[in-house]
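Structure first, commentary second.
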Amino acid sequence: MKIEDVKNICVLGCGIMGSGIVQLCAGLGYNTTFYEISDEIVKRSMERIKGSLSRAVEKGKMTKEQMEATMAKIKGTTSLKEAAANADIVIEAIPENLELKKKTWKQLDEICPKHTIFASNTSSLMITDQASATNRPDKFIGMHFFNPAHVMKLVEIIRGAVTSDETYKVIYDLSIKMGKVPVEAKDGPGFFTTRFICYTIAEIIRLLELGIAGVKEIDTMVRLGFGWPMGPFVLADFVGLDTIYHVLEYCYNETGNPAYKPPMLLRKMVIAGYIGDPRQKPGSRGGFYEYFNVPREQ
Ligand code: 3HC
């Protein structure tokens, strides 16, 4: 299969990352069907996408007609079969749980045509391991987007042990069509980007635990001293503290490197329901800013 042959894309999971990916695919004119676990979440996801597109119209980044054409390409469903039966590419953005992902890929392997490429937006779980749940490891690849997916330019592409060149080329070309810059990293826990960012955030949380500086002070120092667009705590709250926690635990278990050991403060916050910025994570009690009762500026 070549990129020109791709007509239908299925996106599994329409949360923070999935909704951005749906927006990108539909914006390119692909028939885009997303799968979610309940009608209520399908509805909420549609509203999230519509809200994001409306803001793009308000900002003059797209016309109202383009927005309507994009929305017309999107369909949401709670049926995995309906979502994936005609897909040329499946992009997966469900929770970061290896068993759940493997179970889902196994089901999809039976639902999808033989030519369908399976792309995982996992930020950490090894591609070769996920691919082993299917009978098409050559058509399995990592396509790692960054939050917000419709804005951030990078796509980290990860080949599993037996991913074919043909699969790589389709996903590379799709990334280019999306206006992204694809960069290849080797398979392994956390690839490059996730090991880099989670290690950094874990170390910053340890410095906070030590009392070296406060949440707002650290964010200000990193923004103004190092030019990050957002401070590390705003970023951590934005990515999701549950996600960071699970990624650290996985990287720690797989590598044995104590740099990835999840800090106790993070563990405590996640257990208590502080899983990130409530504007991004519905149902969250808050992130670092709410936990430490610091007013948000960003
Ligand atoms: N919380 C929630 N959403 C925010 C936000 C915040 N603190 N700040 C910005 N946004 C959203 C806006 O609502 C907007 O969404 P929309 O297009 O749907 O309206 C979008 O971000 C872009 O906003 P702006 O056009 O106003 O752009 P800015 O100039 O404010 O830049 C930013 C926003 C692009 C998010 C910038 O601050 C940035 O680059 N931050 C760093 C992001 C980053 O590091 N992402 C990678 C995270 S790691 C990851 O994703 C990997 C994963 O696998 C773990």
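Just name the residue that is nearest to A93 (Cα to Cα) out of those in the range 46-68 that are away from the ligand (no atom under 13 Å from the Cβ) and in a helix (DSSP H, G or I). Restricting to residues being away from the ligand (no atom under 13 Å from the Cβ) and in a helix (DSSP H, G or I), the top hit is M46.
Restricting to the range 5-40, what's the tally of residues that are acidic (D, E), surrounded by 15 or more Cβ atoms within 10 Å (Cβ to Cβ) and more than 25 Å from T243 (Cβ to Cβ)?
At the first step, the residues of the range 5-40 found to be acidic (D, E) are 5, 36, 39-40.
Imposing the further condition that a residue be surrounded by 15 or more Cβ atoms within 10 Å (Cβ to Cβ) reduces the set to 36.
Pick out the ones that are also more than 25 Å from T243 (Cβ to Cβ) and you get none.
Of the residues in that region, 0 qualify.
Kindly indicate whether K43 is surrounded by fewer than 15 Cβ atoms within 10 Å (Cβ to Cβ), closer than 24 Å to S132 by Cβ and over 19 Å from the mean Cα position of the chain (by Cα). Criteria not met by K43.
Given K114, K2, K64, K59, which one is surrounded by fewer than 20 Cβ atoms within 10 Å (Cβ to Cβ), among the basic types (K, R), in contact (Cβ under 8 Å) with a residue 24 or more places away in the chain and more than 30 Å from L248 (Cα to Cα)? Explain how you work it out, then say what you get.
Values: K114 fails: in contact (Cβ under 8 Å) with a residue 24 or more places away in the chain; K64 fails: in contact (Cβ under 8 Å) with a residue 24 or more places away in the chain; K59 fails: in contact (Cβ under 8 Å) with a residue 24 or more places away in the chain.
K2 is the lone residue from the list that is surrounded by fewer than 20 Cβ atoms within 10 Å (Cβ to Cβ), among the basic types (K, R), in contact (Cβ under 8 Å) with a residue 24 or more places away in the chain and more than 30 Å from L248 (Cα to Cα).
Would the range 125-139 turn up any residue that is surrounded by 15 or more Cβ atoms within 10 Å (Cβ to Cβ), within 16 Å of the ligand (Cβ to nearest atom) and without any contact (Cβ under 8 Å) to a residue 60 or more places away in the chain? So far as the range 125-139 goes, yes, one or more of its residues are surrounded by 15 or more Cβ atoms within 10 Å (Cβ to Cβ), within 16 Å of the ligand (Cβ to nearest atom) and without any contact (Cβ under 8 Å) to a residue 60 or more places away in the chain.
Out of the residues in the range 280-296 that are part of a loop (DSSP other than H, G, I, E, B) and away from the ligand (no atom under 13 Å from the Cβ), which is farthest from A213 (Cα to Cα)? Taking the candidates together, the pick is G283.
Any residue at all in the range 77-84 that's more than 19 Å from E36 (Cβ to Cβ) and of a type outside the set (D, E)? Give the derivation first.
Start the filter on the range 77-84 by keeping residues that are more than 19 Å from E36 (Cβ to Cβ), which leaves none.
Taking every residue of the range 77-84 in turn, none turns out to be more than 19 Å from E36 (Cβ to Cβ) and of a type outside the set (D, E).
All conditions but one from (1) within 17 Å of R206 (Cα to Cα); (2) within 13 Å of the ligand (Cβ to nearest atom); (3) among the acidic types (D, E) apply to D277; the one that does not is (1).
Consider D219 carefully, then state whether it is crowded, with 16+ Cβ neighbours inside 10 Å, over 20 Å from the mean Cα position of the chain (by Cα), in contact (Cβ under 8 Å) with a residue 12 or more places away in the chain and within 14 Å of the ligand (Cβ to nearest atom). For D219, the condition - crowded, with 16+ Cβ neighbours inside 10 Å, over 20 Å from the mean Cα position of the chain (by Cα), in contact (Cβ under 8 Å) with a residue 12 or more places away in the chain and within 14 Å of the ligand (Cβ to nearest atom) - is met.
Does any residue of the range 229-238 turn out to be within 12 Å of the ligand (Cβ to nearest atom) and exposed (fewer than 14 other Cβ atoms within 10 Å of the Cβ)? Give the steps one after another, and end with the answer.
If we filter the range 229-238 for residues that are within 12 Å of the ligand (Cβ to nearest atom), which is where we start, we get 229-238.
Filter once more, keeping what is exposed (fewer than 14 other Cβ atoms within 10 Å of the Cβ): 229.
Scanning the range 229-238 turns up at least one residue that is within 12 Å of the ligand (Cβ to nearest atom) and exposed (fewer than 14 other Cβ atoms within 10 Å of the Cβ).
Could you please let me know if F238 is modelled with pLDDT under 95 and either of a type in the set (A, V, I, L, M, F, W, C) or assigned by TED's automatic domain parsing to the domain that holds F140 (or both)?
On the way: modelled with pLDDT under 95: yes; either of a type in the set (A, V, I, L, M, F, W, C) or assigned by TED's automatic domain parsing to the domain that holds F140 (or both): yes.
Judged against the criteria, F238 is a match.
Inspect all residues belonging to the range 82-97 and state whether any of them is buried (at least 20 other Cβ atoms within 10 Å of the Cβ) and free of Cβ contacts under 8 Å to residues at least 40 places away in the same chain. The answer is no; no qualifying residue exists. Can you find, within the range 173-188, the residue that is farthest from M1 (Cα to Cα) among those that are under 17 Å from the mean Cα position of the chain (by Cα) and away from the ligand (no atom under 16 Å from the Cβ)? So, considering only residues that are under 17 Å from the mean Cα position of the chain (by Cα) and away from the ligand (no atom under 16 Å from the Cβ), the one farthest from M1 (Cα to Cα) is E184.
Suppose the filter is out of contact with any helix residue (DSSP H, G or I) (no Cβ under 7 Å at 6 or more places or on another chain), within 16 Å of the ligand (Cβ to nearest atom) and closer than 20 Å to V181 by Cα; does M152 pass it? When the stated conditions are applied, M152 passes them.
When F196, F191 are checked against the criterion of being surrounded by fewer than 14 Cβ atoms within 10 Å (Cβ to Cβ), modelled with pLDDT of 95 or more and within 15 Å of the ligand (Cβ to nearest atom), F196 stands alone in meeting it.
Yes/no per residue for (1) within 24 Å of E99 (Cα to Cα); (2) among the aliphatic types (A, V, I, L, M); (3) buried (at least 20 other Cβ atoms within 10 Å of the Cβ); (4) outside the structural domain of L208 (by TED's automatic domain parsing):
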site: C251; (1), (2), (3), (4): yes, no, yes, no
site: P278; (1), (2), (3), (4): no, no, no, no
site: K281; (1), (2), (3), (4): yes, no, yes, no
site: E297; (1), (2), (3), (4): no, no, no, yes
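The values are calculated or read from the model by the stated rules, or taken from the named source; none is laboratory data. Keep in mind that this is a model prediction, so the values were computed, not measured. FYI the Cβ positions are ideal-geometry reconstructions off the backbone, even for glycines, and counts take in every protein chain you see.
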